[in-house]
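Trainee: Pasting a structure below so you can have a look.
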Amino acid sequence: MSRIVQYLETGRLDYVKALRLQQYFVKKAKGADEAAKDFRNVLILTEHDPVYTVGIRSEVYSEAEANRLRQLGAEFHRTNRGGLITFHGPGQLIAYPILNLQNFQPSIRWYVGKIEETVMNMCKKYKIEAGRTCDMGIWVRDKKICALGVHVSQSITSHGLALNCNTDLSWFNNIVPCGIKGKGVTSLSQQLGRDVDIGEVTPHFLDSFKATFECDLEKFPDAGRFDLFNYINDEESQEPNDVAKIKKKQ
């Protein structure tokens, strides 16, 4: 079976709508036999307005802490991904792969490793030596350039990575990124000493993803985009399932 991944570039997208978009594809992948048969692996590429998100250990962050961060001008959301707190914002390439690992290799460790390799190999194109450490994410020495936080259920992946391109890194000063003390954050722009925007990075990221995952990439069909974005806008009054479930537990 050919490994085909359709990539969908959304432009700037509200974080909650991005969650809803992910869940649309996850639901389709987990559907009845015929619906699942029609599912195509999807790579969502997006960018968010300032938002702080926390993973499954969200109880670490009180509502007072959430309100403090909101007062800075950012949103705050609790999600079902792995990892602790991080920041998403303009100038950051967000990638949400919605993949059926049965089409690749049904291993979460394998999947996370391939995501890491994708970013590291892309950084090599910029002559940036980025790598793994004992802490989650991709690092340039003691500074994180890319955050990872994934969720896998019934072999279907969601959430993903956040690569700092020309992000305003001062937003990270308000938190302990990913709960890791004593280390910092960096960006492609900071490492190269010039402005590197998402538009420049995206083709290199796609090339690296294609090579690392050994897949064929196809642009998401324009015919489907209209209905898709109508769906996430029509559902605006409803919270994505993972946000609603986390609030219910609190």
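Trainee: Within segment 55-76, count every residue that is over 20 Å from the mean Cα position of the chain (by Cα), in a helix (DSSP H, G or I) and surrounded by 13 or more Cβ atoms within 10 Å (Cβ to Cβ). Explain how you work it out, then say what you get.
Mentor: Start the filter on segment 55-76 by keeping residues that are over 20 Å from the mean Cα position of the chain (by Cα), which leaves 59-73.
Next, only the ones that are in a helix (DSSP H, G or I) stay: 59-60, 63-70.
Among the residues that remain, those that are also surrounded by 13 or more Cβ atoms within 10 Å (Cβ to Cβ) are: 65-66, 68-70.
Of the residues in segment 55-76, 5 are over 20 Å from the mean Cα position of the chain (by Cα), in a helix (DSSP H, G or I) and surrounded by 13 or more Cβ atoms within 10 Å (Cβ to Cβ).
Trainee: A further question on this structure: In segment 156-175, how many residues are open to solvent by 30 Å² or more (accessible area, probe 1.4 Å), farther than 17 Å from C123 by Cβ, in contact (Cβ under 8 Å) with a residue 40 or more places away in the chain and among the polar types (S, T, N, Q)?
Mentor: Number satisfying all stated conditions: 1.
Trainee: Give me the pairs: first residue in segment 113-126 and among the basic types (K, R) and at pLDDT 95 or above, second residue surrounded by fewer than 17 Cβ atoms within 10 Å (Cβ to Cβ) and outside any helix (DSSP H, G or I), beta-carbon distance under 9 Å, and six or more apart or on different chains, which are they?
Mentor: Final answer for the pair search is K114/Q105.
Trainee: Regarding H151, is this residue in a strand (DSSP E or B), open to solvent by 50 Å² or more (accessible area, probe 1.4 Å) and touching a strand residue (DSSP E or B) at 6+ places or on another chain (Cβ under 7 Å)?
Mentor: Values: in a strand (DSSP E or B): yes; open to solvent by 50 Å² or more (accessible area, probe 1.4 Å): yes; touching a strand residue (DSSP E or B) at 6+ places or on another chain (Cβ under 7 Å): yes.
Judged against the criteria, H151 is a match.
Trainee: Does segment 42-54 contain any residue that is more than 19 Å from Q154 (Cα to Cα), open to solvent by 10 Å² or more (accessible area, probe 1.4 Å) and part of a helix (DSSP H, G or I)?
Mentor: No, every residue in segment 42-54 fails to be more than 19 Å from Q154 (Cα to Cα), open to solvent by 10 Å² or more (accessible area, probe 1.4 Å) and part of a helix (DSSP H, G or I).
Trainee: For segment 175-183, indicate whether the set of residues that are assigned to a loop (DSSP other than H, G, I, E, B), basic (K, R) and modelled with pLDDT under 95 is non-empty.
Mentor: Taking segment 175-183 and keeping what is assigned to a loop (DSSP other than H, G, I, E, B), we get 175-176, 180-183.
Within this subset, residues satisfying the condition of being basic (K, R) are 181, 183.
Keeping just the survivors that are modelled with pLDDT under 95 gives 181, 183.
The answer is yes; a qualifying residue exists.
Trainee: A further question follows. Pull out all pairs, ordered by first then second residue, where Cβ-Cβ is under 7 Å, the residues are six or more apart or on different chains, the first lies in segment 198-225 and is at positive phi, and the second is not hydrophobic (A, V, I, L, M, F, W, C).
Mentor: E214/R3
Trainee: Out of the residues in segment 55-78 that are aliphatic (A, V, I, L, M) and either at pLDDT 75 or above or in contact with a Lys or Arg (Cβ under 9 Å, 6 or more places away or on another chain) (or both), which is nearest to S155 (Cα to Cα)?
Mentor: I56
Trainee: Condition (residue is buried (at least 22 other Cβ atoms within 10 Å of the Cβ) and hydroxyl-bearing (S, T, Y)) applied to segment 126-139: is it met by at least one residue?
Mentor: No, there is no match, as no residue in segment 126-139 is buried (at least 22 other Cβ atoms within 10 Å of the Cβ) and hydroxyl-bearing (S, T, Y).
Trainee: Looking only at segment 132-142, count every residue that is modelled with pLDDT of 95 or more and in contact with a strand residue (DSSP E or B) (Cβ under 7 Å, 6 or more places away or on another chain) and tell me the total.
Mentor: The first filter runs over segment 132-142 and keeps only residues modelled with pLDDT of 95 or more, leaving 138-140.
Filter once more, so that each one left must be in contact with a strand residue (DSSP E or B) (Cβ under 7 Å, 6 or more places away or on another chain): 138-139.
Residues in segment 132-142 being modelled with pLDDT of 95 or more and in contact with a strand residue (DSSP E or B) (Cβ under 7 Å, 6 or more places away or on another chain): 2 in total.
Trainee: Mind checking whether some residue in segment 188-198 is open to solvent by 10 Å² or more (accessible area, probe 1.4 Å), within 17 Å of L93 (Cβ to Cβ), touching a Phe, Trp or Tyr at 6+ places or on another chain (Cβ under 8 Å) and not in a strand (DSSP E or B)?
Mentor: Going through segment 188-198, the residues open to solvent by 10 Å² or more (accessible area, probe 1.4 Å) turn out to be 189-195, 197-198.
With within 17 Å of L93 (Cβ to Cβ) added as a condition, the list becomes 189-192, 194-195, 197-198.
Cutting the leftovers down to touching a Phe, Trp or Tyr at 6+ places or on another chain (Cβ under 8 Å) gives us 191-192.
Checking the rest, the ones that are also not in a strand (DSSP E or B) come to 191-192.
For segment 188-198, residues open to solvent by 10 Å² or more (accessible area, probe 1.4 Å), within 17 Å of L93 (Cβ to Cβ), touching a Phe, Trp or Tyr at 6+ places or on another chain (Cβ under 8 Å) and not in a strand (DSSP E or B): present.
Trainee: In segment 63-91, what count of residues is obtained for those that are acidic (D, E), in contact with a strand residue (DSSP E or B) (Cβ under 9 Å, 6 or more places away or on another chain) and free of Cβ contacts under 8 Å to residues at least 12 places away in the same chain?
Mentor: Going through segment 63-91 one residue at a time, the tally reaches 1.
The values are calculated or read from the model by the stated rules, or taken from the named source; none is laboratory data. Since the structure is predicted, the reported quantities are computational estimates derived from the model, not experimental observations. Positions of Cβ are generated from backbone atoms using ideal geometry, with glycine treated the same way; all protein chains shown enter the neighbour counts. Side chains are part of the model used for accessible areas, which takes the heavy atoms of the whole protein and leaves out ligands, DNA and RNA. Shrake-Rupley method; radii C 1.70, N 1.55, O 1.52, S 1.80 Å.
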